[in-house]
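Peer 1: Could you have a look at this structure, given as structure tokens, before my questions?
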Amino acid sequence: MNLTETKAWSAVLADAESNRNFSLRAAFAADPDRARRMTIEAAGWTLDYSKNIVDAKTMADLRAVAEECGLKDKIEAMFSGEHINETEDRAVLHVALRDLSGGPITDKATGKDVLPEVREVLSRMEGFANKVRSGLWTGFSGKRIRNVVNIGIGGSDLGPCMATIALASFSQRDIRFAFVSNVDATHFAETVRDMDPEETLFIVASKTFTTLETMDNANTAREWVLKRYNGNGAAVAKHFVAVSTAADEVAKFGIDTANMFGFWNWVGGRYSLPSAIGLSLMIAIGPDRFREMLGGYEAMDAHFRSAPLAENLPVTMALLGIYYNNVLGAQSHAVLPYDQYLARFPAYLQQLDMESNGKSVDKKGRRVSWQTGPIVWGEPGTNGQHAFYQLLHQGTKLVPADFIGFLRSHNPIGSHHVHLMANFFAQTEALAFGKTADEVRAEGTPEALVAHKTFEGNRPTNTLVADELTPASFGALVALYEHKVFVQGALWDVFSFDQWGVQLGKVLAKKIIPELTDGRPLSHDSSTNALIERFRAANA
Ligand code: G6Q
């Protein structure tokens, strides 16, 4: 059942109708307790959702929609290993990757408890990470590893890249961490420019080990290393390890499968950070911190699974998003972290959310008549303020936004953190309450400027706060968004764990590759033909 088929959906639509003139100023004035009532906590995070343009009745009706859609059962189906990724016939068990204490968790198809293997890989990763960190693992010529370069793309890049930046204050600083993803050789060339191959360890991260971009970059990296060792292939084993599910392909590349860290087909790429895909992160922050991160994930998982809908953080954020997306017509959702360490978090969420819920057919394959996933975007505060916030405050678009901040800074220098957080608090206040024309006039503003200086307010925001950015709070934050995406996909009745939409372009590119390098006749449309001809001419 999708959200529009529920009985409660008409109540939600009626709420929106009767709340057409909803005013956050009026709502806060009428209820001094609003902020307290609309604040919930879990796994070290506080969500204040009081600055959303909803009242208690709308929230209750949205929760009723979730109940009717069978959300609780769907959550249980995921946690209990059912094959909810039906189009790929797979279980969806990323929650097993961070189940440090419980279990068993059974993949329903195989009847096998997946946790023993999860724990075995985790401990092999720990052994390896410790060797690299301590200098026990060296390059082929005996030099200490100073650079760790993860080669991967999509889910095999965005998670570890984002997380290594996010947790940089916990990382071992005498090793440099870099991420090469783009098939554009510039990415590889510029990344390794100042690196010594003898001091560089490549982690080739690819679930399938056949991805074009990753294999191109891995092959180029192998040539770069071998050039230093005069073509001695024995060097590969010391400078390359793999994270993959495909042992044969890994061996073919020349990597010793003893240095391969596996994961499983029930881990989706964009959900794979807490698997072996996080190896680069584990080398950066160390196994203990990595486990703390898994603990943060696990705490949010437990909250998501057991908390009543009204107190459930991921569910609440998901329902608010649905209200804006499906009722009020918002097309996008902004994520605005007020912490430089989370600079890549919006990019990470773009994949998590848009690849999961950017679908236009329901689970039965019928074209949806309701909106599905929003466009997710954002930049760290305060940079965004000096760029696109103009549109947030005075534009014609409804852009719900999540403001994410920390009470304490890892870099408590001068007044920076006070200035940062003052802006953090000021922005949601300004967006919610605006500034009326009368208030503008009262400042003596000439009448011709009043309209320009007026802020209508009622621009909805969530505020998410934790004490400090730690591995645990970070893990909980990622899990929060994973589960938010899950809830939305469940109510939109789409398959959130496949990504067929990325296939067509890949297949066409494979066809075009030889066409760019030989003179074979072209049979595309006139636009594509002409563009290919131009490339041929320029490279003749
Ligand atoms: C994520 C997607 C996708 C995938 C990449 C890399 O959910 O499946 O982004 O992670 O295409 O795939 P490989 O790990 O197989 O190279």
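The values are calculated or read from the model by the stated rules, or taken from the named source; none is laboratory data. Values in this document were obtained by computation on a predicted structure and should not be read as measured data. Please note: Cβ atoms are built from the backbone with ideal geometry, for glycine as well, and neighbour counts cover all protein chains shown. With ligands, DNA and RNA removed, areas are computed over all heavy atoms of the protein, side chains included. Shrake-Rupley method; radii C 1.70, N 1.55, O 1.52, S 1.80 Å.
Peer 1: Once amide H atoms are built 1.01 Å from N in the peptide plane, which residues 5 or more positions from PHE261, or in another chain, come under 5 Å H to H?
Peer 2: The list, which skips near neighbours in sequence, is ALA242, VAL243, SER244.
Peer 1: Which is farthest toward the positive dipole end of the chain among MET300, VAL148, PRO460, measuring Cα position about the Cα centre, with Cβ charges +1 (Lys, Arg) and -1 (Asp, Glu)?
Peer 2: Checked the options; the winner is VAL148.
Peer 1: How would you classify segment 169-266 from its alpha-carbon gyration tensor, with a ≥ b ≥ c the square roots of the eigenvalues: rounded for a/c under 1.5, else prolate if a/b is greater than b/c, otherwise oblate?
Peer 2: Because its axes are fairly even, with a/c under 1.5, segment 169-266 counts as rounded.
Peer 1: Now for a separate question. With runs of 4+ DSSP H residues as the only contributors, calculate the mean residue ellipticity of the chain at 222 nm using -39,500 (n - 2.57) per run, divided by the residue total and rounded to the nearest 500.
Peer 2: -13500 deg cm²/dmol
Peer 1: For segment 308-456, just say rounded, prolate or oblate: build the C-alpha gyration tensor, square-root its eigenvalues into a ≥ b ≥ c, call rounded for a/c under 1.5, and beyond that prolate if a/b exceeds b/c, oblate if not.
Peer 2: oblate
Peer 1: For the chain, state what percent of all Cα-Cα pairs lands in each successive 10 Å bin, counting from 0 Å until the bin that includes the largest distance.
Peer 2: In order of increasing distance, the bins hold 3, 17, 26, 25, 17, 9, 3, 0 percent.
Peer 1: Next question. Can you give the net charge of the other residues whose Cβ lies under 10 Å from the Cβ of ASN19, counting K and R as +1 and D and E as -1?
Peer 2: Net local charge, ASN19 excluded: -1.
Peer 1: In whole percent, what relative contact order does segment 218-302 give with Cα contacts below 8 Å and a gap of six or more residues?
Peer 2: For segment 218-302, the relative contact order is 17 percent.
Peer 1: Okay, moving on. Indicate the gyration tensor shape class of segment 31-143 (rounded, prolate or oblate), computed on the Cα atoms with a ≥ b ≥ c the square roots of the eigenvalues: a/c under 1.5 is rounded; otherwise a/b larger than b/c is prolate and the rest oblate.
Peer 2: Since a/c reaches 1.5 but b/c is at least a/b, the shape of segment 31-143 is classed as oblate.
Peer 1: Separate question: Enter the angle in degrees (range 0 to 90, nearest 10) between the Cα long axis of helix 7-18 and the first principal axis of the Cα atoms of the chain, meaning the one along which they spread out most.
Peer 2: 60 degrees
Peer 1: Could you order LEU13, LEU136 so the one with the most accessible surface comes first? Probe is 1.4 Å. Spell out each step's value before the answer.
Peer 2: Working: LEU13 80, LEU136 130 Å².
Largest accessible area first, the residues go LEU136, LEU13.
Peer 1: What is the angle, in °, between the Cα long axis of helix 526-538 and the longest principal axis of the Cα atoms in the chain? Nearest 10 is fine, range 0 to 90.
Peer 2: 50 degrees
Peer 1: Do the alpha carbons of any pairs in LYS252/LYS364; LYS108/LYS511; LYS74/LYS397; LYS397/LYS510; LYS359/LYS453; LYS359/LYS397 sit beyond 29 Å of each other, and which pairs?
Peer 2: With Cα atoms farther than 29 Å apart: LYS252/LYS364; LYS108/LYS511; LYS74/LYS397; LYS397/LYS510; LYS359/LYS453.
Peer 1: Still on this structure: From largest accessible area down, sort GLU88, GLU67; use a 1.4 Å probe on the protein chains.
Peer 2: GLU67, GLU88
Peer 1: While we're here: For segment 193-346, what value does the Rg/Rh ratio take when both radii are computed over Cα atoms and Rh is the Kirkwood radius, given to two decimals?
Peer 2: For segment 193-346, the value is 1.09.
Peer 1: Run through the DSSP bridge list for the chain and note the antiparallel percent, rounded to the nearest 5.
Peer 2: 30 percent
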